[in-house]
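Everything on this sheet refers to the single structure shown next.
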Amino acid sequence: MCTLLFMATSFLTPGPSELYYTVADHLKVALREHVCEISHRSKAFQQIMAHTTAQLRELMGVPDHFHIAFTGSATEIWERILQNLCAETSFHLVNGSFSKKFYDFARQLQRKALKYEVPLGQGFWPHEIDVPAGTELLCLTQNETSTGVTMPLADLATLRQKYPHLLIAVDAVSSAPYPAFDFAQFDTLFFSVQKCFGLPAGLGVWLFNDRCVAKAEQLAAQGHSLGTYHTIPSLLSNLQKNETPETPNMLGIYLLGKVAEDLNRRGIKTIRQETDYKASLMYHALEQHPQLSAFVGEPTHRSRTVVVANVLGRPAADLLALAKAQQIIVGSGYGSLKDSQLRIANFPTHSKEVFEKLADLLLAS
């Protein structure tokens, strides 16, 4: 009975989130095929790496001059980007807890970290952004998980046009693969798998282009430390053999390849259409409810994958409990907003029926 109850529960939390519905079957196959026991230098693992990389390229339209590497987490990638792509000055667009942490990492690594910060719940207008001369790296969070603010892809293109010589790093942790990214508009992008890909946590995915490779090689030649095992040159050397510098999360890489294949079979166009439908449904419910409102005021800056709602006149915990009683687990607000907000994940694994049920539940509350 407990197992059935658990399996029926929908986790609309923004990470970790609900597992993609095929993960259980893929786990059984992985155990049967000894994925957790094979050598990470074996031909079998090289085939797993090649398969996962190919499926991600197809799903996200990743061009050949972008390399796909795997790390322990997206948090690790903040550090690796700063170590490999910035000797002195980074510039950060900050509008939430995770974009702020990226900035904090730069300061901890003793870079000259500069920032342009706006209040929580607000996005950026490209014409207001002035990146100082001498900046090497522009760091932005395309989808801020803590606040549900997104950066429209057209604004990303505007920033590239304004600053063509800057290296641009994009945090897409809670949006990929939903956005139809134009890879000409940035140099490195990263995400983790426990959100939109519906997988267990413990794997980061780092995409970087040849401009990043050249920058890392330049810094190394100048005597700068790039870090240790997960440097761009080390990762690239191993990627050419479909390997990793260390013993990686082989199960995570295997499952990512299988789920990416499932998503490709489903079709990225369909996934994006369903995501838009569910987001529109939820934002409409917030507009109709007397005690709920979208935290992000500007519609073009509202995330489609993490819907954040203000709760007025009652504790947010009341609505969380109401949803939980119907076996829908919704995220609370982040940090200081924990008690006054809801964060509703809208990932490919979340069905339209669950969103319709949640919208009806909220409107009746």
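None of the figures in this text is laboratory data; all of them are computed from the coordinates on show. Note that the structure is a prediction, hence the values are computed from the model and not measured. FYI the Cβ positions are ideal-geometry reconstructions off the backbone, even for glycines, and counts take in every protein chain you see.
Positive contributions from Lys and Arg (+1) and negative ones from Asp and Glu (-1), summed over other residues with Cβ under 15 Å from the Cβ of residue 215, come out at -2. Counted by Cβ distance under 15 Å from residue 343, the other residues give a net charge of +3, where Lys and Arg count +1 and Asp and Glu count -1. The alpha carbons of the stretch 168-276 give a radius of gyration and a Dmax of 15.7, 49 Å, in that order. In loop segments of the stretch 239-293 as defined by DSSP, there are no chymotrypsin sites (Phe, Trp or Tyr not before Pro) with at most 14 further C-beta atoms inside 10 Å of their C-beta. The lysines whose alpha-carbon is closer than 28 Å to the alpha-carbon of residue 115, local same-chain residues fewer than 8 away aside, are 100, 101, 162, 195, 215, 338.
Please report 276, 155 as a ranked list, fewest other C-beta atoms within 10 angstrom at the top and most at the bottom.
Working: 276 13, 155 21.
With the fewest neighbours first, 276, 155 line up as 276, 155.
For the chain, adding -39500 (n - 2.57) for each run of n ≥ 4 DSSP H residues and dividing by the number of residues yields -13000 deg cm²/dmol at 222 nm.
Of 150, 270, 89, the residue with the greatest mean-square motion in the GNM of the chain, using alpha carbon springs below 10 Å, is 270.
Put a plus charge on the Cβ of each Lys and Arg, a minus charge on the Cβ of each Asp and Glu, and nothing anywhere else: the dipole of the chain about its Cα centre is then about 300 debye.
Three principal axis extents of the stretch 254-354 based on alpha-carbon atoms, in descending order, are 45, 29, 26 Å.
P(r) for the stretch 23-265, from all Cα pairs and a bin width of 10 Å, is 7, 33, 36, 19, 5, 0 %, short bins first. Checking the a/c ratio against 1.5 first, then a/b against b/c, what shape does the Cα gyration tensor give for the stretch 75-204? In terms of gyration-tensor shape, rounded. Rounded to the nearest 5, the antiparallel percentage of DSSP beta bridges internal to the chain is 55%. Assuming R0 = 41 Å, can you tell me the calculated FRET efficiency for the pair residue 161 and residue 8, based on Cβ-Cβ distance, to the nearest 0.05? FRET efficiency, residue 161 to residue 8: 0.25.
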